[in-house]
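To keep things clear, I will list the structure first and then write my remarks on it.
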Amino acid sequence: MRPIYSQHARDRMDEYGISEAEVERALARPFRTDVSRATGYTIFFGRPKGRTIRVVVVPGSSPPFIVTVMENS
């Protein structure tokens, strides 16, 4: 199921040069997941193309609703 992207997520993807394919790989094969204590959002950590990215998703959303995406520095 293809995720839905917020405008903020799309803006950050443009800023960091992260593609939809990279986000979807991180969701499908994360090396780590976490839950934000502040928001309760689920955070998926992936390593597409050798860099670490974080994908923040509303928990329980189907299809996944992507709140934001960023490169983990």
- Given the Cα-Cα distance of residue 61 and residue 73 and 0.36 nm per residue of separation, how much length would full extension add, in nm? 1.6 nm
- Prolate/oblate/rounded label for the chain (Cα gyration tensor, a/c 1.5): rounded
- Query: Nearest 20 debye, what's the magnitude of the dipole of region 1-63 about its Cα centre given +1 on Lys and Arg Cβ and -1 on Asp and Glu Cβ?
  - Reply: 260
- Highest-first arrangement of 51-60, 33-42, where packing means the average Cβ count within 10 Å: 51-60, 33-42
- Message: Nearest 500 deg cm²/dmol is fine: what mean residue ellipticity at 222 nm does the chain get from its DSSP H runs of n ≥ 4 alone, each adding -39,500 (n - 2.57), divided by its residue count?
- Response: -7500 deg cm²/dmol
- Message: Ranking request for peptides 9-17, 63-71: highest mean number of other beta-carbon atoms within 10 Å first, then the rest in descending order.
- Response: 63-71, 9-17
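Laboratory data are not the source of any read-out in this text; all were calculated from the coordinates shown. Since we're looking at a predicted model, the values are computed, not measured. Cβ: placed from backbone, ideal geometry, glycine included. Neighbour counts: every protein chain shown.
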